[in-house]
């Protein structure tokens, strides 16, 4: 009997140890630090190990956009023109070393680099651009180009010589270069490997691109490895000998790998970013050996359907905008990693409204909440009303927060949780009362895609035919036709003010901030301003030897 | 025996036919549209898919055909040994199974070996020392093994490795013939965790069966002849007590083929279970359907093999011709 008691005590002891250890992960809180900019001379060589969420098992940038594939594979491919850094609303040369634009923004002539080569040694020429544009405009059977809107703008493409192509647009548009420079528009389709063999896949031909790195090997479920392209057209780049992307199926494993020094840089992807407790653990355990960098992710929004009577009334919508406690949302939903905001995230060129002073967004809630109650009563809903909030399976947490916060205003709601494809379809068909979704942008061109009612999967398809949406469409059409930078900024602000404040067509909840961690040996890593930019090219990264 | 085997193999055909129809129907009855799932997963704000895209993609994927046509196309391709292409990656499903199967088999073999190595001696020890401290220890350990979810132990093991040793296994999987050390260091933890559970079942089964056998007359006779306890237990009793354990091992192998997905994820083991869950998430019909058919064929085959091994181990068992 005594021995049994001893064994029992042993088990209890083991359990007690586990219970002491476990809260270590859950209780710590903190804010991310800032990314450290390096001013030292880059050292060539080295192969960093980077985390990747799951398998990058599809490969055509024309057809897929997930960061899972983009993070490792976009280093293999270049673009005609690329987004600038750190101002991502600007455009920089890539395969096109320069370009001319006609006065009416309709004719774009691109002059290609002379030294650009595909990874298999074949020269990159204007014929490759022609093939890529034609493939994008008229995808072969089995290929679906998600970026056809940009390609559809090109009415005519002329190959003037091996190094020059001219694109004539259907109509003049100053934002064409910005759209062309979207990170997804990667040239992963060498004409000599694709023509006559469509539908072809980049992985099936060995991921041949013109980018700073070449494909080395892919062990599904484990590793995607790339190596330095010695013939890269930018002299001196890349600095690294290669990169190993470790494929991780579980976020906790990903964190454990970084914590034990098996990763140099944590991966990018929702669920894989560092949480506040994880950041605190790393700071405590690794001290100065770890660096953190944050950027803004897509913002939570409450989208209304005006066919549900209460939401057709601007006073109700304004009441909800005023009522929501966004500081509390940041604490509850984002564990402190986020800010109250709207469409353009902080640091973006068009983020010109100081949301911290705006009624509804500001920290002081008392007056705003009184006004919210008054507006609701004035609209005839003194005792509140009930509605159903559509959301997807992974977004229950912010949905529940919205429900809880609105209770104080007398508005009760229930969650209708569906999978993402169903949510998206019901949104497009207008089969919802209110919908919880995420959205964000850094430019007018993105705002056009998100808010113009011609976009059936955008924010406002349910508002089509209503004067508020017609006004938004008119403002957007005018804004994207404007070339003047100052005027574009003014119009972006007007649009944001009209959508979010004057008409409260949607109610933003908060803008999450996501954090990556890397070892202090990693230098030159460029994080994007916002998650949607997918700005993760590694040619500027170098490793400092200890 | 040959006729018996032939009959059993022939019975595979109607079993698989019914199973294939069920799998096909269940996949189609589930809510959601694969074309929509693919398009939405591809979408980013500012990138737009519309009804035309959905229709076009459905046609491209062969989903616009009537269901009986789709089913017959699939069955025909199965019969010709062509498992089709993944709707997502457009890679052959057979290639995917070929990549993942060795990994899962590795894990399964390690698990079964460890569990047999542990469970048989412990089960026998518990039986011959019934109601004494070794028996209590084995019973407590097996109850804990059965009651604790493997994925939870997996996370705890990972956490303890980090906290105590500042070390976790490399996330890159190598086959044993490529790098035996890396292979073992990655698979040993999930294998031991899985083996704890399986050896708990087996040890309890060995203990119960052995206790029953030890009470048989022929065992008493063996003891009365003056044979030593180890000889009586190992040579006469244990062999007869092992038969039901064989059935358990068959079930374990089947479970290990598909049921280790969370542990696979925690330890970054790129096995079949992980592939199945990913395919289900993506509604990748050909992958899910063909993987399930693979599991069924595997289960039927394992059951047949176990039945045949019964006859080898126990000469009293004879299958009717």
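The values are calculated or read from the model by the stated rules, or taken from the named source; none is laboratory data. It should be emphasised that the depicted structure is a prediction, and the values quoted were computed from it without experimental measurement. For neighbour counting, all protein chains shown are included, and Cβ atoms are generated from backbone atoms with ideal geometry for every residue, glycine included.
Here are some notes:
- Residue match in region B:281-288 (condition: surrounded by fewer than 17 Cβ atoms within 10 Å (Cβ to Cβ) and within 14 Å of another protein chain (Cβ to nearest Cβ)): yes
- Residue pairs meeting the criteria (Cβ under 6 Å; at least 6 apart or on separate chains; first within 20 Å of residue B:94 (Cα to Cα), in region B:59-78; second part of a helix (DSSP H, G or I)): B:71/B:24
- Per-region count, region B:16-38, residues within 14 Å of chain A (Cβ to nearest Cβ) and either under 23 Å from the mean Cα position of the chain (by Cα) or assigned to a helix (DSSP H, G or I) (or both): 5
- If only residues of region A:460-474 that are over 16 Å from residue A:502 (Cβ atoms) and buried (at least 18 other Cβ atoms within 10 Å of the Cβ) are counted, the one that is nearest to the other protein chains (Cβ to nearest Cβ) is A:461.
- Sole exception among (1) assigned to a loop (DSSP other than H, G, I, E, B); (2) touching a strand residue (DSSP E or B) at 6+ places or on another chain (Cβ under 6 Å); (3) surrounded by fewer than 17 Cβ atoms within 10 Å (Cβ to Cβ) for residue A:114, by number: (2)
- Residues satisfying the criterion are absent from region A:494-501 (criterion: on the phi < 0 side of the Ramachandran plot and outside any helix (DSSP H, G or I)).
- If the condition is being closer than 20 Å to residue B:274 by Cβ, more than 9 Å from chain A (Cβ to nearest Cβ) and assigned to a helix (DSSP H, G or I), then region B:51-99 contributes B:93, B:94, B:95, B:97, B:98.
- Test: residue in region B:129-152 that is under 30 Å from residue A:218 (Cβ atoms), out of contact with any strand residue (DSSP E or B) (no Cβ under 7 Å at 6 or more places or on another chain) and assigned by TED's automatic domain parsing to the domain that holds residue B:271: yes
- For region A:215-259, the set of residues classified as in a loop (DSSP other than H, G, I, E, B) and touching a helix residue (DSSP H, G or I) at 6+ places or on another chain (Cβ under 6 Å) consists of A:220, A:249, A:250, listed by residue number.
- Filter result for the condition that a residue is surrounded by fewer than 22 Cβ atoms within 10 Å (Cβ to Cβ), within 20 Å of the chain's Cα centre (by Cα) and more than 13 Å from every other protein chain (Cβ to nearest Cβ), over A:296, A:292: A:292
- Top-ranked residue in region A:183-214 [being within 13 Å of another protein chain (Cβ to nearest Cβ) and part of a loop (DSSP other than H, G, I, E, B); ranked as surrounded by the most Cβ atoms within 10 Å (Cβ to Cβ)]: A:202
- Meets criteria (crowded, with 19+ Cβ neighbours inside 10 Å and under 24 Å from residue A:496 (Cα atoms)) for residue A:477: no
- Test for residue B:102: is it surrounded by 15 or more Cβ atoms within 10 Å (Cβ to Cβ), touching a residue at least 24 places away in the same chain (Cβ under 8 Å) and facing another protein chain (nearest Cβ under 10 Å): no
For every residue, the table says whether it meets (1) touching a helix residue (DSSP H, G or I) at 6+ places or on another chain (Cβ under 7 Å); (2) farther than 14 Å from residue A:445 by Cα; (3) away from every other protein chain (no Cβ under 12 Å); (4) at pLDDT below 95.
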site	(1), (2), (3), (4)
A:139	no, yes, no, yes
A:146	yes, yes, no, yes
A:153	yes, no, yes, yes
A:159	yes, yes, yes, no
A:162	yes, yes, yes, no
A:166	no, yes, yes, no
A:175	yes, no, no, yes
A:181	no, no, yes, yes
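- Residue in region A:275-297 that is closer than 19 Å to residue A:437 by Cα and not in a strand (DSSP E or B) present: yes
- Residues that are closer than 20 Å to residue A:541 by Cα and either more than 14 Å from chain B (Cβ to nearest Cβ) or touching a strand residue (DSSP E or B) at 6+ places or on another chain (Cβ under 6 Å) (or both), drawn from region A:82-94: A:82, A:84, A:85, A:86, A:87, A:92, A:93, A:94
- Qualifying residue in region A:430-448 (condition: closer than 23 Å to residue A:297 by Cα and at pLDDT 95 or above): yes
- Every residue from region A:436-459 that is within 14 Å of another protein chain (Cβ to nearest Cβ) and part of a strand (DSSP E or B): A:437, A:438, A:439
- With respect to the conditions (1) part of a helix (DSSP H, G or I); (2) touching a residue at least 12 places away in the same chain (Cβ under 8 Å); (3) over 15 Å from residue B:260 (Cβ atoms), residue B:197 lacks only one, and its number is (3).
- Tally of residues being surrounded by fewer than 20 Cβ atoms within 10 Å (Cβ to Cβ), touching a residue at least 40 places away in the same chain (Cβ under 8 Å) and assigned to a helix (DSSP H, G or I) across region A:402-428: 1
- Qualifying positions in region A:208-217 - in contact (Cβ under 8 Å) with a residue 40 or more places away in the chain and under 15 Å from residue A:56 (Cβ atoms): A:209, A:211, A:213, A:215
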